[in-house]
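Note sheet for the following structure.
The values are calculated or read from the model by the stated rules, or taken from the named source; none is laboratory data. The model shown is predicted, which means the values in this text are computed figures rather than measured ones. As a convention, Cβ positions derive from the backbone with ideal geometry for all residues, glycine included, and neighbour counts pool all protein chains shown.
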Amino acid sequence: MATDSLVLDYYNDPPAKAGIHSAITAFFDRGGGHCDLGRYSKESLLLEETVVVKDDRGVGYLAMKKDSTTETIVSLTAVLVDASLPPYRDTKSLFQTRRGKKDIPVNRVSLAWYGHSTYEATRVGFENIRTQFSLMYDGMDKIPVAVVAGQPAITCENRIVSKVEQVPDGVQDVDIGPGQDPNGIIKTNLLSSPNYRYVEDNSITYAKITGRTETGDLTIESCLPEELKVGMIVCVQVAPCVVPTVKRGFKVILKLRNVLAVSDDVYKAYVFKARISDYNNTPKPGGGLKRSASLPQWVSNKKNPFTMADVRMRDEREEQNEGQNESGEGAAGGIVERFGRLNTRPSTGTMNGDRSEGANSSS
């Protein structure tokens, strides 16, 4: 799964933007924005609810102020414009999740808001969290805001596996599940090594909204990650934390925890519809041929009339053939006659005797 060019082609249209905005707003109105990252655009609320915790490894995370051992989970709701999610079909797709880097591959999603008002609040809330981390960490990198599918996007990621030395004591391994690694790509390339483990911190849950109950509550059920398509509106739950960089600094990331498919209406109306149209309009092999089962034609249907000129040509050809046969027989008879005369001379002895007799007679 990667960036889809159709998202760039269609989602900038006014009707598509209107559909995106209405879907995000409807999800917020039904309670989906209760933990949205945009809430922390108010710095006072951030200080009131959260506290920065730094563990022994130097990794920091944002925790609830009432319970510093519980991570703060925030959500982002927008259009999925780029993703690297399981199942990975081969080794190449697995390690391309971090292009140009040789570190552990990651599960990653990028979200764009296409002009929805919650984007600015989300960006400010993210920056406020970075400011709080910077009070405890020196050399904090700025948060890069990438542009994906023509729109500013925020990226969330999580390592597929963990290094053994980074897993706390007492943490048990968990099962990946057949739906996320059906071909065993992760198990073969990563978990076969004694240097990596798959723990709860690496797991991500995937779900989708299937409808409403009689009381108006949303019904949510689990789904496979491959059901999430670029172009759908999703809500992702993340945990803000600080990780060290290769340049001996620190950076703030949004560690991916859960992904919820909110709406696929815009996706079906634009991306999926365009794909179906392209598929139906693509010439199929032999599609332009009329394959009627006709009888085998061993002889051409074209027939020429037999005229008197053809009769004369036939007679002349037969006369020529007869003349050639007669001349051939005469020539052959002459040759036989000459050879007969040569062979009918009586033999008078040996070769030397013949020569001497010939010589005497000539004398």
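Table: residues versus (1) in contact with a Ser or Thr (Cβ under 8 Å, 6 or more places away or on another chain); (2) of a type in the set (A, V, I, L, M, F, W, C); (3) farther than 30 Å from Ser192 by Cβ; (4) without any contact (Cβ under 8 Å) to a residue 12 or more places away in the chain.
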{"position": "Pro15", "(1), (2), (3), (4)": "no, no, yes, yes"}
{"position": "Thr72", "(1), (2), (3), (4)": "yes, no, yes, no"}
{"position": "Asp82", "(1), (2), (3), (4)": "yes, no, no, no"}
{"position": "Pro105", "(1), (2), (3), (4)": "yes, no, no, no"}
Quiz item: Exactly one of (1) aromatic (Phe, Trp, Tyr); (2) at pLDDT below 85; (3) not in a helix (DSSP H, G or I) is unmet by Phe95. Its number?
Solution: (3)
Exercise. Scan segment 124-133 and give yes if some residue there is assigned by TED's automatic domain parsing to the domain that holds Val51, surrounded by 12 or more Cβ atoms within 10 Å (Cβ to Cβ), farther than 24 Å from Asp36 by Cβ and out of contact with any Lys or Arg (no Cβ under 7 Å at 6 or more places or on another chain), otherwise no.
Key: no
Exercise. Being modelled with pLDDT of 90 or more and not in a strand (DSSP E or B) is the filter; apply it to segment 202-225 and report the residue that is surrounded by the most Cβ atoms within 10 Å (Cβ to Cβ).
Key: Asn202
Quiz item: Which of the residues spanning segment 194-222 are of a type in the set (Val, Ile, Thr) and closer than 24 Å to Asp181 by Cα?
Solution: Val199, Ile204, Thr205, Ile209, Ile220
Quiz prompt | Hits in segment 149-174 (condition: touching a residue at least 12 places away in the same chain (Cβ under 8 Å), of a type outside the set (A, V, I, L, M) and either closer than 13 Å to Asp201 by Cβ or out of contact with any Asp or Glu (no Cβ under 9 Å at 6 or more places or on another chain) (or both)) | solution = Gly150, Gln151, Pro152, Cys156, Glu157, Asn158, Arg159, Ser162, Lys163, Gln166, Gln172, Asp173
Exercise. For Ala121, indicate whether it is assigned by TED's automatic domain parsing to the domain that holds Pro15, touching a residue at least 12 places away in the same chain (Cβ under 8 Å) and part of a helix (DSSP H, G or I).
Key: yes
Quiz item: If only one of Asp278, Asp264 is at pLDDT below 60 and surrounded by 10 or more Cβ atoms within 10 Å (Cβ to Cβ), which one is it?
Solution: Asp278
Exercise. Restrict the check to segment 177-188 and report whether at least one residue is in contact with a Gly (Cβ under 9 Å, 6 or more places away or on another chain), within 20 Å of Leu80 (Cβ to Cβ), surrounded by 13 or more Cβ atoms within 10 Å (Cβ to Cβ) and touching a residue at least 40 places away in the same chain (Cβ under 8 Å).
Key: no
Quiz item: Across segment 134-152, what is the total count of residues that are assigned to a helix (DSSP H, G or I) and either in contact with a helix residue (DSSP H, G or I) (Cβ under 6 Å, 6 or more places away or on another chain) or crowded, with 21+ Cβ neighbours inside 10 Å (or both)?
Solution: 0
Practice problem: Select, from Tyr88, Tyr61, the only residue that is part of a strand (DSSP E or B), over 24 Å from Pro152 (Cα atoms) and under 35 Å from the mean Cα position of the chain (by Cα). | Solution: Tyr61
Quiz item: more than 29 Å from the chain's Cα centre (by Cα) and farther than 22 Å from Val242 by Cα: does that describe Ser117?
Solution: yes
